[in-house]
Amino acid sequence: MPTFSPKKPTALFLGRYQPFHDGHKKLIEEGLKRVGQVCIAVRDTHGIDDRNPLDFPVVKARIEAALWQYRGRIAVVQVPNITNVFYGRDVGYVVEHLTLDEATEQISASKIRRQLAGT
């Protein structure tokens, strides 16, 4: 089994993952294909409003369960409620928007939360 290495090239995914769903999974898998390993940074937003019902241990467990086959190639970490990402010139990394297939793009965490709440 591979071992996550902080020295290897790593794709970063920053989000709330409230809840982690198949759209997130496909994005992570694309990052794994392109870079080899990923860091999934979970914003600390639990309880700030109804859109953030899950705490970090629950989110992390769901992510790890959904991506179990990639153990050793993912790291799930909690980060502050990051709302802005800034960078200076020639910082040594790429910021890229990944667009997936239409069906995946239509997956909505808001709809999933409503279904889970029974509304």
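FYI, it's all coordinate maths here, none of it is from the lab. Not measured: the values here are computed from a predicted model. With ideal geometry, Cβ positions are generated from the backbone for all residues, glycine too; neighbour counts draw on all protein chains shown.
When Lys and Arg each count +1 and Asp and Glu each count -1, what net charge do the other residues less than 11 Å away from ALA103, Cβ to Cβ, add up to? Mind dumping the intermediate values first?
Numbers: positive: LYS26; negative: ASP22, ASP101, GLU102, GLU105.
Counting the neighbours of ALA103, the net charge comes to -3.
Restrict the search to the range 59-105; then list the trypsin sites (Lys or Arg not before Pro) that DSSP places in a loop and that have at most 13 other Cβ atoms within 10 Å of their Cβ.
Values: sites: LYS60, ARG62, ARG71, ARG73, ARG89; in loops: ARG71, ARG73, ARG89.
Those satisfying the criteria are ARG71, ARG89.
Hey, rough spin-label estimate for ILE107 and THR83, points 7 angstrom out along Cα→Cβ, what's it come to in nanometres?
2.8 nm
In terms of modelled amide H atoms, which long-range or inter-chain residues lie less than 5 Å from the amide H of ILE74?
Hits under the 5 Å cutoff: VAL38.
Within the chain, how many Lys pairs that are eight or more residues apart, or on different chains, come under 19 Å at the alpha-carbon?
On the way: LYS7/LYS33; LYS8/LYS33; LYS25/LYS33; LYS25/LYS60; LYS25/LYS111; LYS26/LYS60; LYS26/LYS111.
Taking the chain as the scope, the lysine pair count is 7.
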